[in-house]
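Heads up, the thing below is written out as structure tokens.
Only the coordinates and a few stated rules stand behind these numbers; no lab work does. Quick caveat, the model's predicted, so the values are computed rather than measured. Glycine gets a Cβ as well: all are built from the backbone with ideal geometry, and neighbour counts include every protein chain shown.
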Amino acid sequence: NERYLWHGCAAGVVTDIAWNGFGRNYTTTHKGCLLGDGVYFACGSGYSFDTRFAKTNNYMIKKIILARVTLGDNIGVGHSGSDIAKDTRGNLYTSITDDESSMYCILNAGADRQAYPEFVMTFEHVDI
């Protein structure tokens, strides 16, 4: 179950992610967030482009990443504070989604190997 998903982050860390992937030592994972502790991806670029996630650098450049993400089986909605998910039978999962399947979280246990940064989109703010 592989999908193309968007990731927004500070423009200054995009090069590290592009060269080294979404390893926890190169990315800031979100702790205590809605779905769990991990690296977040969105189905729509607009969500990742939001200033809460894609930070503009000193040169007014903003970047977002289109990543190829392996999701595996979906066990449904995650919760804040989890870094691995279990279903009712005790099976372990490293990725979860929101209840609308519009956002995915690769939990910290799987962040190093489940996403590949395939494209980087760069935007420059221009006054007209």
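On a full-extension model of 0.36 nm per residue, what is the gain between residue 3 and residue 123, subtracting their alpha-carbon distance, rounded to one decimal in nm?
Contour length minus Cα-Cα distance gives 40.9 nm.
Order 115-128, 42-55, 2-15 from most to least packed using the mean count of other Cβ atoms within 10 Å.
By packing density, highest mean first, the sequence is 2-15, 42-55, 115-128.
Measuring from label point to label point, each 7 Å out along Cα→Cβ, what is the residue 113 to residue 51 span in nm?
Taking the two extended label points, one gets 4.0 nm.
Within 15 Å, Cβ to Cβ, of residue 60, how many net charges do the neighbouring residues add up to if Lys/Arg are +1 and Asp/Glu are -1?
Summing Lys/Arg as +1 and Asp/Glu as -1 gives +1.
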